[in-house]
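Below: one structure, written as structure tokens.
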Amino acid sequence: MATINSTAQPDKSNIQGMILRGFTHPYSCHMIFKFNNKAGAKSFIKAILPYVQSAESWGDEKPDLMLNIGLTYTGIATVSNLTKAQLNFFPSPFQKGPTSGGSQQSLNDYGPSDPSGWAFGNSTNQVDCVVHSYAMNPAALKQVVSLVSDAGKSSGLTEFFPIDNGTKRLEEYALIPRYSVHFGYLDGIDQPELGWSDPPDPLDNNDLRNFLIGYPLSSSGPGPISGEAGAFAKDGCYNAFRMLYQDVETFDKFLTDNADQIAKEIGNTPEYTKEWLAAKLNGRWRNGSPLELSPDNPDPKTSQATKFSYANDTTGMKCPFAAHTRVGNPRDEEMASSEPVPPPRLIRRGMAYGAPPTIKSYEGERGLIGLFLCGSLSGQFELLYSWINTTNFSDLIPIGQQQGQDGLIANRSLPGADNSYTIPTEKGAVKITSLPQFVVTRGTAYCLLPSLSTLKSIAE
Ligand code: HEM
């Protein structure tokens, strides 16, 4: 058993800022690169290092522009001095990447999400580095994007341009309401309240030690916890970076097509039923109100609420078991004996990309850039993804619904998956026979957000 390090708290000036807080800058851009050689990779990191924002307080004024950097396993292998034997200390999912058989058992990128069609992160588009830039205004975003792009060019990097919009880069589209996603829900409400319990409490899944490498709560990590690789990774955190297309047309059509019939079953109007159905797929109304606190209507008073429980909703009458937020964070729900208690948490950062549809047309590429931060890709990110694709994580979920799926984001092409969706109500269960696929994976990269001291050592 590794020693539990209860006293030495991490130094915030050594941790990349996005790990501890959402930056909340109104403009952002995520740039994806492949290194072509070690010297170029090092000169690139050196050029952009002065703009890397740490987790230290920035005082009263937010910096106009700043960035954070992620390196994949292949990126680290290129840019670091770690030997093959030392690199082997990194956990297998990170080494092998998101397209590996092991990771795909959870991610299940089948059919339209198949990695062969990804814009980045598959065998033909290997990613080594992702740069996350943030700015207070469009001019500052342009400035930071240009300096990263110029540094990439002069260092011989290849940049990926995953979409076919004006810039072809993954830039935040400032015209959709801030903090909402393309299906119209408020997002960015619930995050782990990162803490540091002393002495460490193995049952505190919000403890920073579950996210930050180097302060292991057990011999299983987060790691690597020893050797040169441990030193390289210390004060870093993994980021599962995922580009997820959202099919707004199919989503809107699904709500409209089902509203009339379900309205009759629940005894309400089709207009109300559309919103009710959207809430039952997500677990929160589109304004953010959790169904557990506001089961019948959205309520401005609960729209940002994060303190609620599923323990008294053992039939899913308020919030269906497979609603997206209930799967992503089952809280105090009774879990299957094979699953961890309490369930793992993810730190979520990200943004919507692509313009929203117009009144006339749904044409265009749009979706979510998800940054899912964790200390263990398999124990946090992939475990939650496996529940998203097969909702068999709780003993409360009726036997017949154990092969069901997350109402919003699951991959419906998964062989053997049950695409039906059950919404318990006091008038009997509303059963949707087949949920369409609303979300398609466009690319994935497993990155490490290394500490500032590690980035500096690379640059030197
Ligand atoms: C296009 C894809 C996605 C959309 C549209 C989406 C949408 C949302 C929305 C609207 C919320 C509620 C707001 C909040 O609680 O902050 C939410 C929460 C959440 N989502 Fe997603 N999400 C997506 C992908 C994912 C993925 C891939 C994961 C996990 C791997 C995930 C995990 C979570 C978690 C953990 C929560 C917080 C639940 C809670 O603490 O109650 N989401 N998502």
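Some observations on this one:
- Here the gap between Asp150 and Lys301, fully extended at 0.36 nm per residue and compared with their Cα-Cα distance, gives a gain of 49.7 nm.
- Kirkwood hydrodynamic radius over Cα pairs of region 242-301, then Stokes diffusion coefficient at 20 °C and 1.002 mPa s, in µm²/s: 175
- Computed extension gain for Ala139 through Thr269, at 0.36 nm per residue and net of the alpha carbon distance, reaches 42.1 nm.
- Here the accessible area of the chain is 52 percent carbon and sulfur, with a 1.4 angstrom probe and all protein chains present.
- Solvent exposure, largest accessible area first (probe 1.4 Å, DNA, RNA and ligands not counted), of Ser303, Ser123: Ser123, Ser303
- For the chain, diffusion coefficient by Stokes-Einstein and Kirkwood Rh (Cα), 37 °C, 0.692 mPa s, µm²/s: 144
- Annotation: peptides 421-434, 366-379, ranked by per-residue average of other Cβ atoms within 10 Å with the highest first, follow the order 366-379, 421-434.
- Here's the list of lysines a cross-link from Lys360 could span, going by alpha-carbon distance under 20 Å and ignoring same-chain residues fewer than 8 apart: Lys253.
- When the Cα gyration tensor is reduced to axis lengths a ≥ b ≥ c, the ratio a/c is 1.5 or higher for region 72-143, and with a/b not above b/c it is classed as oblate.
- Considering only Ile399, Pro344, Gly367, the residue lying farthest towards the positive end of the dipole of region 341-424 is Gly367, judged by Cα position with unit charges set on Cβ.
- Region 1-78 and region 404-460 have Cα centres spaced 25 Å apart.
- Across region 179-297, C-alpha contacts under 8 Å between residues 6 or more apart give a mean separation that, scaled by the residue count, equals a relative contact order of 18 percent.
- Solvent-accessible surface of region 413-460, averaged per residue with a 1.4 angstrom probe and all protein chains in place: 38 square angstrom.
- Assuming charge only on the beta carbon of Lys and Arg (+1) and of Asp and Glu (-1), the dipole of the chain about its Cα centre is about 1020 debye to the nearest 20.
- In order through region 326-341: 3J(HN,Hα) via Karplus (6.51 cos²θ - 1.76 cosθ + 1.60), integer Hz, x for Gly, Pro: 6, 6, x, 8, x, 6, 9, 4, 5, 9, 5, 4, 7, 9, x, 10
- Computed from the C-beta positions of Ala39 and Asp60, the FRET efficiency with R₀ = 41 Å rounds to 0.55.
- Ranking by accessible area, most exposed first, for Val181, Val144, Val341 with a 1.4 Å probe: Val341, Val181, Val144
- Greater than 25 Å apart at Cα, pairs in Lys96/Lys153; Lys142/Lys168; Lys34/Lys456; Lys318/Lys431; Lys234/Lys456: Lys96/Lys153
- Amide H contacts for Ser54 (H built 1.01 Å from N in the peptide plane; partners 5 or more residues away or on another chain; cut-off under 5 Å): Gly17.
The values are calculated or read from the model by the stated rules, or taken from the named source; none is laboratory data. Bear in mind that the values here come from a model prediction, so they are computed numbers and not experimental data. FYI the Cβ positions are ideal-geometry reconstructions off the backbone, even for glycines, and counts take in every protein chain you see. Side chains are part of the model used for accessible areas, which takes the heavy atoms of the whole protein and leaves out ligands, DNA and RNA. Shrake-Rupley method; radii C 1.70, N 1.55, O 1.52, S 1.80 Å.
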